[in-house]
1. For region 96-111, indicate whether the set of residues that are part of a helix (DSSP H, G or I), at pLDDT 95 or above and in contact with a Gly (Cβ under 9 Å, 6 or more places away or on another chain) is non-empty.
2. Among the residues of region 261-285, which ones are within 19 Å of residue 315 (Cα to Cα), open to solvent by 20 Å² or more (accessible area, probe 1.4 Å) and among the hydrophobic types (A, V, I, L, M, F, W, C)?
3. Scanning for something in a helix (DSSP H, G or I) and surrounded by 16 or more Cβ atoms within 10 Å (Cβ to Cβ), does region 87-94 turn up at least one residue?
4. Determine whether region 64-81 contains at least one residue that is open to solvent by 10 Å² or more (accessible area, probe 1.4 Å), under 26 Å from residue 222 (Cα atoms), touching a residue at least 12 places away in the same chain (Cβ under 8 Å) and in contact with a strand residue (DSSP E or B) (Cβ under 6 Å, 6 or more places away or on another chain).
5. Could you check how many residues of region 327-346 are part of a loop (DSSP other than H, G, I, E, B) and either open to solvent by less than 10 Å² (accessible area, probe 1.4 Å) or not β-branched (Val, Ile, Thr) (or both)?
6. Determine which member of the set 324, 349 is in contact (Cβ under 8 Å) with a residue 12 or more places away in the chain, outside any helix (DSSP H, G or I), over 23 Å from residue 298 (Cα atoms) and open to solvent by 60 Å² or more (accessible area, probe 1.4 Å).
7. Within region 286-301, restricting attention to residues that are of a type outside the set (A, V, I, L, M, F, W, C) and open to solvent by 50 Å² or more (accessible area, probe 1.4 Å), which residue is farthest from the chain's Cα centre (by Cα)?
8. Those residues that are surrounded by 15 or more Cβ atoms within 10 Å (Cβ to Cβ) and either without any contact (Cβ under 8 Å) to a residue 40 or more places away in the chain or part of a strand (DSSP E or B) (or both), I need them from region 352-362; list them, please.
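The values are calculated or read from the model by the stated rules, or taken from the named source; none is laboratory data. Bear in mind that the values here come from a model prediction, so they are computed numbers and not experimental data. Note: ideal-geometry Cβ built from the backbone for every residue, glycine included; neighbour counts use all protein chains shown. Ligands, DNA and RNA are excluded from the accessible area calculation, which covers all protein heavy atoms including side chains. Shrake-Rupley method; radii C 1.70, N 1.55, O 1.52, S 1.80 Å.
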Amino acid sequence: SCRADEPVEDPARQEPRPPTSRPSQERHANPKETHTIVIGASLAGAFAARSLAERGIDVTVIDRQSLVNGQLPSLISRVSVLQPKISDVDDPDGRWLREGFALVVRLLASDTQLADRAGWRPCGTFQAAFNERAESRLRRFVEQFASCGLVRWIDAKQTQTELGLAFPVGGAVVDSAGLLRPAGLCAALLDHERITTLGDRKAISLERDERGWSVQFAQGDPLRSPCVVVANALDAMQFTQTQHLQLKPVRGQVTLLGSAGQAGRLTQLRRAVFYGGYLTPAMDGVQTLGASFVPGDDSLDWRDQEHQVCCDQLARLLPDAADQLRSIDQPSGWVGLRVTTSKHRAYAQQIDDGLYVSLGHGSHGIASAAAAAEHLAELLMLETIVVR
C-alpha cells in the first residue's frame, strides 16, 4: 500500500518543485570554503555533482573521456527509459528506486530547459504480462500502487488504443515514465555555475594526507580536495580504497531500428514496452530493441547472436514483427555495461573520511543515481558541519 511518507504517487500530479528543498544557510554558512571532486561524468557523477552544487558546494567533475559539446561520446547515441522498479514486494530497493524516479520526474517538470536538453519524452511505459509469473508480479504491484496514481492495469483489448499496437496480453502502464537521452541529461546536470567539468582526465589512484584527498592521473598534476565522490562505474575497481566493493559488469547490447523498412509496423508504437526485453517508440526516427544480459562480460563488440536473442524475446508477444527483425541485413546498435554489486544493491555511502561512492546502479541507473546523489549530498553536508 502507499504510505504517506513515501514519494511513489504519480509525480506528474504533484506541484513541480526541485528534487529536494535546499538546506538552509545555517547548514553551510560559507559554502565557498567547501569543494568536492567527483570522479565520473556519467549519470552517477552528474547527479552527485548537481545535488552538491545545489547545496552551495563547488564541484570539480573529472572523466577519462574527452567531452564533445559537454557530452560523453559513449552516451551520445543512447536512449534510456526512466521508470520505477516493478516488483511484487514492497522492499527497500523498490522504495529507493521509486524515490529516485519521483525525484527525476519532478526535476524534469520543474526545469523545462533541462528537460529539453535531455530530450525528455513522457510517453509512458507498458509492462506486459507475458507469462503467469509476470502477470502475478504486475498485478501485485498494481494492487499496491494504483491508488497513488503511479500505475494502472490495462487489458489486451485496450493495448491498440493505449500503445498504438495490439498486443495479445494486458499489463501495467506507468503514465509518468518516459524516454530521454542520457548524454543530454548529464550535460544539462553539469551545466551549473558551481560545477567545473574536466575531460580527458583518467584517475589512476587516490591518496590521502592531512589536507584531504589527492586524485592522481596518468599525466598531469594531481587534484586535491577535502572530499571525493567516486562515481566512475567499473573503473572504480582500480582504486585501492574501493576494490573491496566487488563491482560486476553486465554486458547489454541493443539494436537500433532506423527506418520503417527495418521496423515495419513497430513504428506505430507510442509507449515503451517491456516483456523480458524491451522496445521503445521512435526518438528522432530511431527505435531501440533491447537488450541482451550477459553477466561477467565487459567486452563491447557487436554480436549478431545477441540481436537474435532480442528478437526471440520480442517473439513472445509479436512473432511476426520478430521474424521481420531477424531478417535485417547487418543489424547494428550499441553495447554498454551495466555495473552491479554482489547483492544487486547500489553503493551510496561514505567509505572513509571525506571519501564517498555512488556505484553499482545496474539497470535502473537514472533513478538509482538520482536517489544516491541526494543521499550522498546529505551525508557530505553533515560531515562538513562536523568539520567546521
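1. Looking through region 96-111, at least one residue is part of a helix (DSSP H, G or I), at pLDDT 95 or above and in contact with a Gly (Cβ under 9 Å, 6 or more places away or on another chain).
2. The answer is 274, and nothing else.
3. Step one: of region 87-94, the residues in a helix (DSSP H, G or I) are 92-94.
Filter once more, so that each one left must be surrounded by 16 or more Cβ atoms within 10 Å (Cβ to Cβ): 93-94.
Yes, region 87-94 has at least one match.
4. Looking for residues that are open to solvent by 10 Å² or more (accessible area, probe 1.4 Å), under 26 Å from residue 222 (Cα atoms), touching a residue at least 12 places away in the same chain (Cβ under 8 Å) and in contact with a strand residue (DSSP E or B) (Cβ under 6 Å, 6 or more places away or on another chain), one finds none in region 64-81, hence no.
5. To start, the set of residues in region 327-346 that are part of a loop (DSSP other than H, G, I, E, B) comprises 327-332, 341-346.
Keeping just the survivors that are either open to solvent by less than 10 Å² (accessible area, probe 1.4 Å) or not β-branched (Val, Ile, Thr) (or both) gives 327, 329-332, 341-346.
Number of matching residues: 11.
6. Details: 324 fails: outside any helix (DSSP H, G or I).
Every option except 349 fails the conditions.
7. In the first step, residues of region 286-301 are kept if they are of a type outside the set (A, V, I, L, M, F, W, C); the result is 287-288, 290, 292, 295-299, 301.
Subsequent filtering for residues that are open to solvent by 50 Å² or more (accessible area, probe 1.4 Å) retains 295-296, 298, 301.
Numbers: 295: 18, 296: 20, 298: 19, 301: 22 Å.
Only one residue tops the list, namely 301.
8. First, the residues of region 352-362 that are surrounded by 15 or more Cβ atoms within 10 Å (Cβ to Cβ): 354-362.
Correct list: 355, 356, 357, 358, 359.
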